[in-house]
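Only one structure is covered here, and it is reproduced in the block below.
The values are calculated or read from the model by the stated rules, or taken from the named source; none is laboratory data. All figures in this text were calculated on a predicted structure; none of them were measured in a lab. Positions of Cβ are generated from backbone atoms using ideal geometry, with glycine treated the same way; all protein chains shown enter the neighbour counts.
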């Protein structure tokens, strides 16, 4: 009997190792698992388009979640290896997702490695699958500019889930010096005078460890003292991991960095990540960015230095209708009067049957859920939590600030809730968020985070999940920014709005049966959901703002020492685009920072212009002129005008005041202090007073100043993070200093009541209160919050908030008019 034939001799050229068309490579894979029988249409469409454009240096691939992006990326990298454009690197947001990619590659029969030093990788035989932190750090195995290690080259780089990599990328280029590090005090002392020019009271707060203060170091002081800064920081360059892994990346652009100081740390970060500090990454012949279908891709230019022209023309499937089924509901809007507690209790009941995942913006909100949650996870335990959800029924699981980088397919998450708006965390982020609050730039970032979060529970086109958006601020945001979502998400939101209309006026308990219809695959719902996505296509161009392009170009020029040209690039973009005034002020400050390095006098004039546009930016060296707060004439009329302009109907009014009430909750989290102070300011506007924030706008005076009319004012100092059972001397003196400021700025025809917002009205034995002082205690504040909700509900009926007379009646009824407010909500101090 003849021995078996050796079919291996039939060919010397394997298609898998020679073809450049990804579809051909996929089809020829001999050992791929049965689930990869044939490529999906969306994969084939992307492969064909990419193959035609593959020689372009930067390419953006946009696909819906669940469109098989990992397979798409692996085949493109294999194509590049076959073409000789290696070594090939597949970068994920974290090590856990890198493990998932390698597992999928194994199932396909594609050789990968996790070792950058592997000979198989460096010779172009295997794809390196790694994560962003491993590639980009000051000790990178791939080499860093200025070190002596042998560099590992990259021919083709693919960054998967690019938007999810951004947070890590920013951290890698941010030097955070903790309070207990010797460099903290060295820098704090060096810039004490410059910080006092911005806010002497804030400097006192820093010295006394008051949370919530985040002070920017003026760019002119930072640049002028760069040698002194270098002398203080360089001796610590290898003192701990924070320095070792960041210092080599930012030392050459230290003079260009933004800097902020808090009571716990100093943060130093360049305006754009100098990605070219990793030469192998910058020199890669091909860079491929694989993202979900988010609406704005400017960050690829600012953060990855991607070519704007090619990023603006993404590669996509022909249609965007392959997204999984999502019913997206906003309970607080659909069922007016529903409380957060009712929604929470409802989800607890749902979690008896389904896995319910709640994404919250910060640890602060975890307290609301902790007693009812089966598990609460932060960044340190998130992946254990995800594994448990994917393994079976857990119940109600809370994830803190995890809007991206996790997959919760099928039964791992049948109900997904987003509770509240995403928040800024780092000191520099908080400063920027304050300066750009409610600007289109900041809203776009929030919507991107929200859409990323909404995508966690649907991971394939045959998956399904119910998404609940909780909280008045989040609900409000949807009203005013729906156009910023991707086309497929907009289509699902529009269909879900029809469901909400059908539910409106029904009892809250009916929500459960509607959710059951979706999760039990009601035929009519499934059909309507599919029809909603039918014909939805991807935009032919991506949004890449001219401002983002200018910011990156200006930073590049500044790196080269061409500071005047950097300023010109920023100014040209500011003048050529239509942007809101506060955003324009922020950008003028950036331009002034570059101009200062060549013409300090002109830079300071530009800074004055920036401060005119945006009171939250740095105050010029010679200070800011204070403008008195005008006295109101008719409180009810002023309130009616403000509310009518701000809210289109009573339902929006209820949501808006609900959002205001959310921010009026005392909190020890430093990041919440600015929003609390802003809420005290906005409260005045809602009830018809005038208001200012003098300390923020000029660096002097109280946190908030109200005008009640008839030349009566309220000087307010906010201590929303206080936990002590006594008012300390420092707090009492601060209120007294603010009264001195008032008497300096206003003549004797004006009167002011000093008010402290604090945990208690009991004075410490060493503290003395200014005559006439009042305290809005946290207990009184809680009563005020409940009153504001009732006030809003009453005004929402028949849109009564537009009627001057009815509004005046409600103001008096609830103790919110100028005659009653301080007497009703303020209490006298006493010695403890």
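Listing for the model above:
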quantity: Residue 348 vs. criteria in contact (Cβ under 8 Å) with a residue 60 or more places away in the chain and in the same structural domain as residue 380 (by TED's automatic domain parsing); calculated: no
quantity: Residue count, segment 292-303 (criterion: crowded, with 21+ Cβ neighbours inside 10 Å and closer than 17 Å to residue 57 by Cβ); calculated: 3
quantity: Residue identified as surrounded by 23 or more Cβ atoms within 10 Å (Cβ to Cβ) and in contact (Cβ under 8 Å) with a residue 60 or more places away in the chain among 448, 476; calculated: 448
quantity: Hits in segment 359-377 (condition: in a helix (DSSP H, G or I) and either buried (at least 22 other Cβ atoms within 10 Å of the Cβ) or under 19 Å from the mean Cα position of the chain (by Cα) (or both)); calculated: 363, 364, 365, 366
quantity: Answer from 695, 717 - the residue that is closer than 24 Å to residue 663 by Cα and at pLDDT below 95; calculated: 695
quantity: Candidates 343, 356 - the one that is closer than 30 Å to residue 656 by Cα, touching a strand residue (DSSP E or B) at 6+ places or on another chain (Cβ under 6 Å) and surrounded by fewer than 22 Cβ atoms within 10 Å (Cβ to Cβ); calculated: 343
quantity: Some residue of segment 150-157 being assigned by TED's automatic domain parsing to the domain that holds residue 80, over 19 Å from residue 26 (Cβ atoms), without any contact (Cβ under 8 Å) to a residue 24 or more places away in the chain and not in a loop (DSSP other than H, G, I, E, B); calculated: no
quantity: Scan of segment 463-500 for residues that are in contact with a helix residue (DSSP H, G or I) (Cβ under 6 Å, 6 or more places away or on another chain), modelled with pLDDT under 90 and outside any helix (DSSP H, G or I), ordered by number; calculated: 485
quantity: Filter result (in a loop (DSSP other than H, G, I, E, B), at negative phi and either touching a strand residue (DSSP E or B) at 6+ places or on another chain (Cβ under 8 Å) or crowded, with 16+ Cβ neighbours inside 10 Å (or both)) within segment 805-832; calculated: 814, 816, 817, 818, 826, 829, 832
quantity: Criterion violated by residue 213 - all others in (1) outside any helix (DSSP H, G or I); (2) within 27 Å of the chain's Cα centre (by Cα); (3) farther than 18 Å from residue 617 by Cβ satisfied; calculated: (3)
quantity: Residues satisfying the stated conditions in segment 501-518, i.e. in contact (Cβ under 8 Å) with a residue 12 or more places away in the chain, surrounded by fewer than 19 Cβ atoms within 10 Å (Cβ to Cβ) and part of a helix (DSSP H, G or I); calculated: 503, 512
quantity: Among (1) assigned to a loop (DSSP other than H, G, I, E, B); (2) touching a helix residue (DSSP H, G or I) at 6+ places or on another chain (Cβ under 8 Å) - the single one residue 734 does not satisfy; calculated: (1)
quantity: Whichever residue in segment 408-420 is at pLDDT below 95 and surrounded by fewer than 20 Cβ atoms within 10 Å (Cβ to Cβ) and, among such residues, is nearest to residue 65 (Cα to Cα); calculated: 409
quantity: Number of positions in segment 126-149 that are in contact with a helix residue (DSSP H, G or I) (Cβ under 8 Å, 6 or more places away or on another chain) and in a loop (DSSP other than H, G, I, E, B); calculated: 13
quantity: Filter result for residue 255 (over 28 Å from residue 84 (Cα atoms), free of Cβ contacts under 8 Å to residues at least 24 places away in the same chain and in a helix (DSSP H, G or I)); calculated: no
quantity: Residue check, residue 576 more than 21 Å from residue 221 (Cβ to Cβ), under 28 Å from the mean Cα position of the chain (by Cα) and at pLDDT below 95; calculated: yes
quantity: Selected residue (only one of 242, 265, 260, 283 is assigned by TED's automatic domain parsing to the domain that holds residue 144 and either surrounded by fewer than 22 Cβ atoms within 10 Å (Cβ to Cβ) or more than 28 Å from residue 672 (Cα to Cα) (or both)); calculated: 283
quantity: Only listed residue being at pLDDT below 95 and buried (at least 23 other Cβ atoms within 10 Å of the Cβ), chosen from 92, 65; calculated: 65
quantity: Helices (runs of 4 or more DSSP H) enclosed by segment 536-642 - at least 3 residues per element that are surrounded by fewer than 19 Cβ atoms within 10 Å (Cβ to Cβ) and out of contact with any strand residue (DSSP E or B) (no Cβ under 6 Å at 6 or more places or on another chain); calculated: 546-559, 563-576, 600-613
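Quick grid of which residues meet (1) buried (at least 19 other Cβ atoms within 10 Å of the Cβ); (2) part of a strand (DSSP E or B); (3) in the same structural domain as residue 366 (by TED's automatic domain parsing); (4) out of contact with any helix residue (DSSP H, G or I) (no Cβ under 8 Å at 6 or more places or on another chain):
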site	(1), (2), (3), (4)
657	yes, no, no, no
675	yes, no, no, no
685	no, no, no, no
697	no, no, no, yes
701	yes, no, no, no
713	yes, yes, no, no
716	yes, yes, no, no
723	no, no, no, yes
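Rundown of residues vs (1) touching a strand residue (DSSP E or B) at 6+ places or on another chain (Cβ under 8 Å); (2) closer than 30 Å to residue 719 by Cα, yes/no style:
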| site | (1), (2) |
| --- | --- |
| 137 | no, no |
| 153 | no, no |
| 166 | no, no |
| 180 | no, yes |
| 188 | yes, yes |
| 194 | no, yes |
| 205 | no, yes |
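Yes/no per residue for (1) surrounded by fewer than 16 Cβ atoms within 10 Å (Cβ to Cβ); (2) at pLDDT 95 or above; (3) not assigned by TED's automatic domain parsing to the domain that holds residue 652:
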position	(1), (2), (3)
744	yes, yes, no
754	no, yes, no
767	no, no, no
778	no, yes, no
784	no, yes, no
791	no, yes, no
803	no, no, no
